[in-house]
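What follows is a single structure, written as structure tokens, with notes after it.
The values are calculated or read from the model by the stated rules, or taken from the named source; none is laboratory data. None of these values were measured; they are calculated from a predicted model. Glycine gets a Cβ as well: all are built from the backbone with ideal geometry, and neighbour counts include every protein chain shown. The area values use the complete protein model at the heavy-atom level, side chains included, leaving out ligands, DNA and RNA. Shrake-Rupley method; radii C 1.70, N 1.55, O 1.52, S 1.80 Å.
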Amino acid sequence: QVQLVESGGGSVQPGGSLRLSCAASGSISNIFNMGWYRQAPGKQRDLVARILAAGTTNYAESVKGRFTISRDYAKNTVYLQMNSLKAEDTAVYYCNAVIRNSASRVYDYWGQGTQVTVSS
């Protein structure tokens, strides 16, 4: 009964900014990794950014210097601040988390996705 809910997507012009949020809820024992992936029509789902429990971060080369991932441990929430957005960033963005639930089983959970559209 764990779920991830994304918010913050929308439509912006090139050079604009958006802030995505993803909150985990339910029967959670521990959250390990949290991250963001994106998928454009006809393309694979690719990693955008991830953050481990200890705070280590990884970014796709295409977003380094523009996007920042962070966590609020008390709220079981991960954020993605996206600046200097480009048309190539247009995609559905999915939240991902590796979570041990209250039954002590570890699963790779996914949110339903939020649309980000960058166009003039």
Only one of (1) touching a residue at least 12 places away in the same chain (Cβ under 8 Å); (2) over 12 Å from Asp89 (Cβ atoms) fails for Glu61. Which number is that?
(1)
Restricting the first residue to the range 94-109 and requiring it to be in contact (Cβ under 8 Å) with a residue 12 or more places away in the chain and open to solvent by less than 30 Å² (accessible area, probe 1.4 Å), which pairs with a second residue that is part of a strand (DSSP E or B) and of a type in the set (Lys, Arg) meet a Cβ separation below 8 Å and a spacing of at least six or different chains?
Asn96/Arg50
Please specify each residue of the range 24-50 satisfying the condition of being within 10 Å of the chain's Cα centre (by Cα), open to solvent by less than 70 Å² (accessible area, probe 1.4 Å) and closer than 18 Å to Arg71 by Cα.
Met34, Gly35, Trp36, Tyr37, Leu47, Val48, Ala49
What number of residues within the range 93-120 satisfy the criterion of being in contact with a Ser or Thr (Cβ under 7 Å, 6 or more places away or on another chain) and closer than 16 Å to Ser7 by Cα?
4
Residue hits (the range 51-70; surrounded by 13 or more Cβ atoms within 10 Å (Cβ to Cβ), modelled with pLDDT of 95 or more and not polar (S, T, N, Q)) are Ile51, Tyr59, Ala60, Val63, Arg66, Phe67, Ile69
Residue that is nearest to Asn33 (Cα to Cα) [pool: residues in the range 72-93 that are open to solvent by less than 40 Å² (accessible area, probe 1.4 Å) and not hydrophobic (A, V, I, L, M, F, W, C)]:
Thr77
Scan of the range 74-120 for residues that are more than 21 Å from Ser11 (Cα to Cα), among the small types (Gly, Ala, Ser) and modelled with pLDDT under 95, ordered by number
Ala74, Ser102, Ala103, Ser104
Looking only at the range 12-23, filter to residues that are over 17 Å from the mean Cα position of the chain (by Cα) and either loosely packed, with under 13 Cβ neighbours inside 10 Å or of a type in the set (A, V, I, L, M) (or both); which one of those is farthest from Gln115 (Cα to Cα)?
Gly15
